[in-house]
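Asker: My questions all concern the structure below.
The values are calculated or read from the model by the stated rules, or taken from the named source; none is laboratory data. Every value quoted in this text rests on a predicted model; they were computed, and no experiment measured them. Every residue, glycine among them, receives a Cβ derived from its backbone with ideal geometry; neighbour counts consider all protein chains shown.
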Amino acid sequence: MIERILILGTGLLGTSTGLALRAAGFTGSITGWDKDPRQSEAALALKAIDTVALNPLDAARKCKLILLSGPVYSILDWMEQLSGVLTAAQLVTDVGSTKTLITEAGNRLFNQPNRAGFLPGHPMAGREVSGAASAEAALFQDAVWIFTSMPDHGTLSFQAGELAASWRHWVEAIGCRTLDLDAARHDELVAWVSHLPQFLSTALTALLQTEVGDAPELTAVGGRALREMTRLGSSPYSMWRDVAYTNTEAIAAAIAALEQRLAHLRENLRTPELRDEFDLANRFRKS
């Protein structure tokens, strides 16, 4: 049973998780820590956490579940630090955006005899803004929370296995559907459905800034399409840098495919093939 939780990284996802757990009826203690004290203080003010950890490693030793929330390399760094101080009666989990490196590190550093368990996870939820101040309890409502594991590697202790089952229960209690995927397959899919839309929006928004950003008529001319297509353009580089570094091949392949598709559109602006592209797009949306 999970009675004490430590959230390392009280930004948008970490603080939202604390808020969602409270809204779902979690009555245990939630401790938080962030490298930016303003984030942990904001999470405390929102009552997403009960207290701010003075020493995160000391706090981790006292908690049944440690949730790692932040950029991928930050999560990997915490995994290295935690692996030598936790016991087999504890569980570490995360909300990292890419999963291959994290899952491999989890099975190497944890999921071994006399080691804490590690359950890699990724909620398919978020916003184009960051920070605890933007957190909300309903962020995960109707979202999918993915769990990944590498086949034939690592074992959970009995205690960690019970904690993993309990954490899955709480993930569902906060409004998520759970899905188990191989880590490599996860990274391949999110490159298409999450990472490509982000980089497309970033490129479009940067292009608009360069080409028409100083046009006084832009606000009047730009309507809903402009707002929707550029919304992700305000996402923070600090989070997406690690995504680009840790899923480079899959993202590059998706961007290359999009470049080819855009070239095809450019070449067929006045041919019937343009209609075929619209038909394909409409078919995808209807499905």
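Asker: If the Cβ limit is 8 Å and pairs must be 6+ apart or interchain, which residue in the stretch 251-274 that is surrounded by 12 or more Cβ atoms within 10 Å (Cβ to Cβ) and assigned to a helix (DSSP H, G or I) pairs with which residue that is of a type in the set (S, T, N, Q) and at pLDDT 95 or above?
Answerer: Taking only residues 6 or more apart or on different chains, the pairs are LEU274/ASN268.
Asker: Oh, and also: Report the residue count in the stretch 49-64 for those that are under 15 Å from ASP36 (Cα atoms) and part of a helix (DSSP H, G or I).
Answerer: Of the residues in the stretch 49-64, 1 are under 15 Å from ASP36 (Cα atoms) and part of a helix (DSSP H, G or I).
Asker: Applying the selection to the stretch 182-201, what residues are under 17 Å from THR103 (Cα atoms) and either over 15 Å from the mean Cα position of the chain (by Cα) or not aliphatic (A, V, I, L, M) (or both)?
Answerer: ASP182, ALA184, ARG185, HIS186, ASP187, GLU188
Asker: Picking from VAL193, VAL243, which residue would you name as being loosely packed, with under 12 Cβ neighbours inside 10 Å and either part of a helix (DSSP H, G or I) or modelled with pLDDT of 95 or more (or both)?
Answerer: VAL193
Asker: What tally of residues in the stretch 199-220 results from selecting those that are surrounded by 10 or more Cβ atoms within 10 Å (Cβ to Cβ) and assigned to a helix (DSSP H, G or I)?
Answerer: 13
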